[in-house]
1. Treating the beta-carbon of each Lys and Arg as +1 and of each Asp and Glu as -1, no other charges, what is the dipole magnitude of region 110-196 about its Cα centre, to the nearest 20 debye?
2. Relative to the Cα centre, what is the charge dipole magnitude of the chain, using +1 at the beta carbon of each Lys and Arg, -1 at the beta carbon of each Asp and Glu, and rounding to the nearest 20 debye?
3. With unit charges on the beta carbons (Lys and Arg positive, Asp and Glu negative) and the dipole taken about the Cα centre of the chain, which residue among ILE193, THR133, THR80 sits farthest to the positive side?
4. What are the principal axis extents of the Cα atoms in region 22-67, in Å, biggest first?
5. For a test of the definition: using alpha carbon positions, the gyration tensor, and the 1.5 limit on a/c, classify region 53-137 as rounded, prolate or oblate.
6. Translational D (Stokes-Einstein, µm²/s) of region 143-196 at 10 °C and 1.306 mPa s when Rh comes from the Kirkwood sum over C-alpha pairs?
7. Per residue, how many Å² of accessible area does the chain show with a 1.4 Å probe?
8. So what are the radius of gyration and Dmax for the Cα set of region 108-167, in Å?
Amino acid sequence: MKINKDFPFCEDGSMKYLKVTQKDYCCVGACLEMILKRHGITDYDQERIAYELGLIVPPHLASNFRYARTGKKPSAGYGTQIQEPQYSIGHFFKKHNLHFAQKYYYITSIKEAEKFLNRNSKQDILIIAHCGTLYGSPDADWGHAVLLDHINGDQVTIQENSSKKDREIIALSQLLCAIETHGQENGAGFYLIKKI
């Protein structure tokens, strides 16, 4: 797939992102790797990014990672801890002198979310939500990161990083329910990322 270098979308107007399939617990890292690649930055892989965003994995899986912390399962679940200031996305950008700014939005109103997503649909938006609620899988009781591809009315197309999914179309109401289920205290919401 060829990327238009003047504007980081595919030439045919489809997906903004070249998919990066996540390693276990690295969904946020995979999403940020896709965003950075979209802007021509290829120096960071998902595992390194995730580690710098506070990656914590179960002790029995630590040997599967080059970089990882182990410990008690955090309230947000295993994975990154971007809701903590020292592991925030903005902190990662500043530490590596990457010219991006990140702003967090916790929106649960359909009207406000639709306005926000339409207004910012050409930007990079990382979304953290409850995986089980997002996909109707009660057993998937953890947070998950995806990217906004686009919005069309009340239908949101997201770019997945899972090996089992690709681009998914979901109702905006379902997305907001998944955000609310995971909770603001666990970092759920919209992360608007802009080049500065």
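The values are calculated or read from the model by the stated rules, or taken from the named source; none is laboratory data. Here the structure is a predicted model, which means the values were calculated and not measured. Counting neighbours? That spans all protein chains shown, and the Cβs are built from the backbone with ideal geometry, glycine included. Only protein heavy atoms, including side chains, enter the accessible area calculation; ligands, DNA and RNA are left aside. Shrake-Rupley method; radii C 1.70, N 1.55, O 1.52, S 1.80 Å.
1. That gives region 110-196 a dipole magnitude of about 440 debye.
2. Roughly 540 debye, rounded to the nearest 20.
3. Final value for the positive-end residue is ILE193.
4. Largest first, region 22-67 extends 35, 15, 15 Å along its Cα principal axes.
5. Oblate shape, in that a/c is at least 1.5 and b/c is the bigger or equal ratio.
6. 132 µm²/s
7. Solvent-accessible surface per residue comes out at 50 Å².
8. Rg, Dmax (Cα atoms, Å): 12.0, 34.
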